[in-house]
Amino acid sequence: MAEDLDVAQPVVSVLDRLPMRAEDGEIRREFVDEIARAIHAADKPFLRAVVAELHEADLGDLIAALEPDDRVSLVELTGTHFDFSALNEVDDSVREEILEELEPETVAEGVRELQSDDAVELLEGLDEEDKEEILEKLPPSERDALERSLEYPENSAGRRMQTEFITVPPEWTVGHAIDYMRDTPNLPDRFYEIYAVDKAQHWHGAVALDTLLRSRRLVLLADLVDEDRRRVSVRDDLEEVARLFGKYNLVAAPVVDIENRLVGVITIDDVVDVIEEEADEDLKALGGVTSDEELSDSVWTIAKGRFNWLLVNLATAFLASSVLGLFEGQLEKMVALAVLAPIVASQGGNAATQTMTVAVRALATRELGSNNAFRVVMREGLVGLVNGLAFAVITGIAAVLWFKIPALGVVIGLAIICNLVAGALGGILIPMVLERVRADPAVASGTFVTTITDVVGFFSFLGIATLWFGLK
């Protein structure tokens, strides 16, 4: 006991004297420097006491803030006190660098302390050779369970499920089930319900803990089982699982295989991670950035990942600019057209981006479908028309004041109306078409929509100007 107090004392003094986070929630540089100093001094008692007190998310932030060499040293110096679930809180590239530097025995020991879903998440990013080397160090039963989970598709419920859960025969009583859970040492860390299965693990239903605890000991579980409990299949897409949780306010969902045998559980903490990952992926896709790009990636990796989409954008930019080439003579005769044309294209592009963002999100959440597509398209078209009329007046007045040519205000006003309506329609129709042909609307919509607004903007403005002013 005295030895434990000696170890704990430095943690209290350091965290009181040097808090980990500032008032805005950011990790303090002084704290990171103190940890780095302890790593360089190989101060094991201090470091072990620190990591024992930190939540896995805070430990992940600390790892990300350290220099690459210090990250591996921290894991090695803290040994069994290090919580390997913290590695799931850092960028993929950082996690892979750390795991590749550690001995397979060290990683295997850390993996054994994790819940199965955390262990799978830790291992899935490694190459096959490293993965097999770590799995070989695990006991056969644990290795087999992880290998089965890793065999499921990457974005499936089977890959993310937790294989630790509580099953009971439906013929047991409430008292028998409670005594079983009280006497069983290796229960899941946190659970919300128990599951009734037969000897072959076939699903019979679920019993919520609150229902269990409110019932008398002699009541049969069969009388409490919810046979209609929402459940998912091992091959269900994680986005569908997340949508199910949101729609029915679930905190956990049992996972069954194709033969209706209970094989795992998906919990709300995993679903929150899925939602964050999908939102992050969609946000990056809208900007033409690959979903696996991380802040910790190298310059070459980031540049290579962004190159292809920039090349596509360059090609579409040449297409839009070619419209200007069609009106080369008119631009030479009236310089004002060259000055104002980008304004028309830009306004259409901005309006299209607003519509496209709403459309992509609505498609992702299944709020936009065939049943309401016509109504939503018409609404967006009318929004474009209303905003087009408003900005036609504003832009027209500005153009007249600038160039002292009254007719120019009418021309740019008409072009603004055309392009804002085109942008609004393109912003919603293009994502819908891409969704219909099973392409990702978030990835491809931006470039196509921008091209349309540029082409329509330049062509409508210069075309109307040519007719109005009789330019050739």
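Could you list, in sequence order, the residues of segment 444-472 that are of a type in the set (A, V, I, L, M) and not in a helix (DSSP H, G or I)?
Correct list: L471 only.
What number of residues within segment 205-228 satisfy the criterion of being touching a Pro at 6+ places or on another chain (Cβ under 7 Å) and surrounded by fewer than 19 Cβ atoms within 10 Å (Cβ to Cβ)?
1
Is it fair to say K304 is assigned by the TED database to the domain that holds D454 and under 30 Å from N419 (Cα atoms)?
Criteria not met by K304.
Within segment 94-112, is there a residue that is within 24 Å of I27 (Cβ to Cβ), surrounded by fewer than 18 Cβ atoms within 10 Å (Cβ to Cβ) and under 26 Å from the mean Cα position of the chain (by Cα)?
yes
Quick one: which of A252, A303, A320 is among the hydrophobic types (A, V, I, L, M, F, W, C) and within 24 Å of G125 (Cβ to Cβ)?
A303
Which residues, taken from segment 391-443, are in a helix (DSSP H, G or I) and acidic (D, E)?
Matches in segment 391-443: E435 only.
Sort through V256, V272, V197, V234 and tell me the only one that's touching a residue at least 60 places away in the same chain (Cβ under 8 Å), hydrophobic (A, V, I, L, M, F, W, C) and within 28 Å of A364 (Cβ to Cβ). Give the steps one after another, and end with the answer.
Numbers: V256 fails: touching a residue at least 60 places away in the same chain (Cβ under 8 Å); V272 fails: touching a residue at least 60 places away in the same chain (Cβ under 8 Å); V197 fails: within 28 Å of A364 (Cβ to Cβ).
One residue alone meets the criteria, V234.
Tell me, yes or no, whether segment 76-83 has at least one residue that is in contact (Cβ under 8 Å) with a residue 60 or more places away in the chain and either part of a helix (DSSP H, G or I) or closer than 22 Å to E53 by Cβ (or both).
Scanning segment 76-83 turns up no residue that is in contact (Cβ under 8 Å) with a residue 60 or more places away in the chain and either part of a helix (DSSP H, G or I) or closer than 22 Å to E53 by Cβ (or both).
Quick one: V207 ticks every box in (1) within 30 Å of E105 (Cβ to Cβ); (2) assigned to a strand (DSSP E or B) except a single one, so which number is it?
(1)
May I ask you to list the residues in segment 316-332 that are in contact (Cβ under 8 Å) with a residue 60 or more places away in the chain and open to solvent by 60 Å² or more (accessible area, probe 1.4 Å)?
Across segment 316-332, the qualifying residues are L319, L326.
Considering only residues that are of a type outside the set (A, V, I, L, M) and part of a helix (DSSP H, G or I), look in segment 84-93 and name the one that is surrounded by the most Cβ atoms within 10 Å (Cβ to Cβ).
Among them, the one singled out is F84.
From A22, A64, A57, grab the single residue that is within 31 Å of the chain's Cα centre (by Cα), hydrophobic (A, V, I, L, M, F, W, C), surrounded by fewer than 20 Cβ atoms within 10 Å (Cβ to Cβ) and at pLDDT below 90.
After applying the criteria, what remains is A22.
Of the conditions (1) open to solvent by 20 Å² or more (accessible area, probe 1.4 Å); (2) at pLDDT below 90, M378 fails just one. Which one is it?
The failed condition is (2).
Out of curiosity, is R361 basic (K, R), part of a helix (DSSP H, G or I) and surrounded by 14 or more Cβ atoms within 10 Å (Cβ to Cβ)?
yes
Per-residue answers, yes or no, for (1) loosely packed, with under 14 Cβ neighbours inside 10 Å; (2) on the phi < 0 side of the Ramachandran plot:
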| site | (1), (2) |
| --- | --- |
| W172 | no, yes |
| M181 | no, yes |
| R190 | yes, yes |
| Q201 | no, no |
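V271 passes all but one of (1) out of contact with any Leu (no Cβ under 7 Å at 6 or more places or on another chain); (2) open to solvent by 40 Å² or more (accessible area, probe 1.4 Å); which number fails?
(2)
Of V263, V344, which residue is in contact with a strand residue (DSSP E or B) (Cβ under 7 Å, 6 or more places away or on another chain) and open to solvent by less than 60 Å² (accessible area, probe 1.4 Å)? Can you show your working first?
Working: V344 fails: in contact with a strand residue (DSSP E or B) (Cβ under 7 Å, 6 or more places away or on another chain).
Criteria check complete, one pass: V263.
Take the residues in segment 127-155 that are more than 22 Å from L102 (Cα to Cα) and in contact with a helix residue (DSSP H, G or I) (Cβ under 7 Å, 6 or more places away or on another chain); name whichever of them is most open to solvent (accessible area, probe 1.4 Å).
Step by step, filter segment 127-155, then rank; the result is N155.
The values are calculated or read from the model by the stated rules, or taken from the named source; none is laboratory data. Note that the structure is a prediction, hence the values are computed from the model and not measured. Cβ atoms come from the backbone with ideal geometry, glycine included; neighbour counts cover every protein chain shown. Each accessible area value is taken on the protein alone, full model and side chains, heavy atoms only, with ligands, DNA and RNA left out. Shrake-Rupley method; radii C 1.70, N 1.55, O 1.52, S 1.80 Å.
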